[in-house]
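The values are calculated or read from the model by the stated rules, or taken from the named source; none is laboratory data. Fair warning: this is a prediction, and the values are worked out from it, not measured in the lab. All Cβ positions, glycine included, derive from the backbone under ideal geometry; neighbour counts span all protein chains shown.
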Amino acid sequence: MREIRLAARPNGWPTAETFEIAEAPTPEPGPGQVLVRNLVMSVDPYMRGRMDDVKSYVPPFQLGAPLEGAAVGEVVASEAPEVPVGAYVVHGLGWREYAAVDAARARVVPAADNLTAYLGVLGMTGLTAYVGLLDIARFAEGETVFVSGAAGAVGSVAGQIARLRGAKRVIGSAGSADKVRHLVDELGFDAAFNYKDGPVRRQLREAAPDGIDVYFDNVGGDHLEAAIGSLRKYGRVALCGAIAAYNETSAPSAPRNLGLAIGKELTLRGFIVSNHNRRMPDFLAEVGPWVRDGRLKARETVVEGLENAPAAFIGLLRGENTGKMLVRLR
Ligand code: NDP
């Protein structure tokens, strides 16, 4: 079988040389394990942090070892009676064609046409949006919300949950005119702007002249600075990600206006979704029906073939995806 390994730690942007596609023996499932043939895998920005040899909330990837990430696949051999051959499972050992997975770490999902949803809108991605907006930023009906990275996987769901939960106004930022159109025309955002068109501060002020109550931050840097400037008294920020900094080699120069948080009595709170898994049932009960009846839309960008996964990852960091970035294995 083939797998993608970390060949070199990137300094700044990852390149093709960061990755190596290699042949490896197909693993044998041990007691309590299943052998999974991976069908689709998730491509996620947080993987960039794991490529650096630094201590974080997840251990770094090891040089020469296969990368890891969420995947969905079919069980083709089983040494665990509770997960039979033929079951479909979500697990954490993507970036390879076959994986021996502890049954206890595999979540069985119904065999359906929309298996990809378990990696995106109905999986960790959607839960991140739900927890960040409702529990961390404590969004309430009638409030104005700003979401950065709004055409991406998490951001697009966060903005739509705000709309469906009765936001007064939902504003999104994204990196192209097509994405801005997608946000307003297809996802129902009230306003959106391309952050490459001019200073975020000015564009946000134009889109939200009366200010914002909640900022869902996927980007950090200038976006966070602009949001701090536009937040009203007692505003809240969910610090979800800071993708503008992931490939930088020096410390970010923004936000420079954090002092405003004192007088406005703002709350800025970070979170890691895996510490909020207990909210999964509530999330699925509320958001599942919106996805099924089409009130919440989830675009996917699907790259074909394991060998194209490195390009998909670099493309994700460059903004080549709309919605969830996935790789379908052949
Ligand atoms: P996305 O689908 O949003 O993909 C990443 C997007 O980031 C790109 O499409 C690109 O869109 C945008 N981007 C890249 N560089 C920049 C930049 N310099 N400035 C502004 N936007 C940029 O990924 P996800 O939805 O999976 O993740 C979104 C964020 O949420 C990430 O920061 C991620 O790390 C974080 N996250 C955090 C979790 C948590 O538990 N806290 C869990 C999951 C994700 P564009 O064309 O608009 O530039």
Select from segment 116-155 the residues that are of a type in the set (S, T, Y) and more than 10 Å from the chain's Cα centre (by Cα) and write down the one among them that is nearest to T301 (Cα to Cα). T116
Against the definition (polar (S, T, N, Q), in contact with a Ser or Thr (Cβ under 8 Å, 6 or more places away or on another chain) and at pLDDT 95 or above), how does N11 come out, yes or no? yes
Can we say E141 is of a type outside the set (A, V, I, L, M, F, W, C), part of a strand (DSSP E or B) and modelled with pLDDT of 95 or more? no
Yes/no for N275 being within 16 Å of the ligand (Cβ to nearest atom), free of Cβ contacts under 8 Å to residues at least 60 places away in the same chain and under 16 Å from A129 (Cβ atoms): yes
Residue, nearest to the ligand (Cβ to nearest atom), within segment 154-173, restricted to residues that are part of a strand (DSSP E or B) and closer than 26 Å to Y118 by Cα: S173
May I ask you to say which residue of N308, N277 is over 24 Å from F189 (Cα atoms), modelled with pLDDT of 95 or more and surrounded by fewer than 14 Cβ atoms within 10 Å (Cβ to Cβ)? N277
Specify which of the listed residues (V36, V90) is assigned to a strand (DSSP E or B) and either away from the ligand (no atom under 16 Å from the Cβ) or closer than 18 Å to R330 by Cβ (or both). V36
Based on what the data block shows, is V72 buried (at least 19 other Cβ atoms within 10 Å of the Cβ) and part of a strand (DSSP E or B)? yes
Conditions (1) more than 16 Å from the ligand (Cβ to nearest atom); (2) among the basic types (K, R); (3) in the same structural domain as A22 (by TED's automatic domain parsing); number of the one not met by R292: (3)
Of the listed residues (A129, A177), the one being surrounded by fewer than 19 Cβ atoms within 10 Å (Cβ to Cβ), within 16 Å of the ligand (Cβ to nearest atom) and not assigned by TED's automatic domain parsing to the domain that holds A22 is A177
Can you run down the residue pairs with Cβ atoms below 8 Å, 6 or more apart or on separate chains, where the first is in segment 302-330 and under 19 Å from A177 (Cα atoms) and away from the ligand (no atom under 14 Å from the Cβ) and the partner is in a helix (DSSP H, G or I) and hydroxyl-bearing (S, T, Y)? none
Answer yes or no: is there a residue in segment 223-246 that is of a type in the set (S, T, Y), surrounded by fewer than 20 Cβ atoms within 10 Å (Cβ to Cβ), at pLDDT 95 or above and away from the ligand (no atom under 16 Å from the Cβ). yes
